[in-house]
Amino acid sequence: MTKESFSIHGVNLLQKVKELIEEGNVRKITITDKSGKELASFPLTVGVVGALLLPMLAAVGALAALLTECTITVEREETAEEVHNEGN
């Protein structure tokens, strides 16, 4: 697994989370406030789509309304190509 973090303004939070979900290789999204306190963590299993995402997106939208700045930490599943490149 690889981790990546993004600092983002609350108004852009929901759109960024939707973009990350569409990428397909994201396994977990964690949202923290600007002081580093974890506010929400969402595991994304393979095949989670449509109606199953609605409660999560509603929660992210509610957080976005309350936050001015936050950090999104994304855990991604490594592709076979990335694993191969690490071995070289």
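Structural remarks
- Qualifying residue in the range 21-40 (condition: of a type in the set (G, A, S), in contact with a helix residue (DSSP H, G or I) (Cβ under 9 Å, 6 or more places away or on another chain) and assigned to a strand (DSSP E or B)): yes
- When K37, K18 are checked against the criterion of being modelled with pLDDT of 90 or more and either of a type in the set (D, E, K, R) or under 11 Å from the mean Cα position of the chain (by Cα) (or both), a single residue qualifies: K37.
- The range 68-86 - residue that is among the aliphatic types (A, V, I, L, M) and loosely packed, with under 12 Cβ neighbours inside 10 Å and, of those, modelled with the highest pLDDT: A80
The values are calculated or read from the model by the stated rules, or taken from the named source; none is laboratory data. In this text, all values refer to a predicted model and were calculated from it rather than measured experimentally. Positions of Cβ are backbone-derived with ideal geometry, glycine not excepted, and every protein chain shown enters the neighbour counts.
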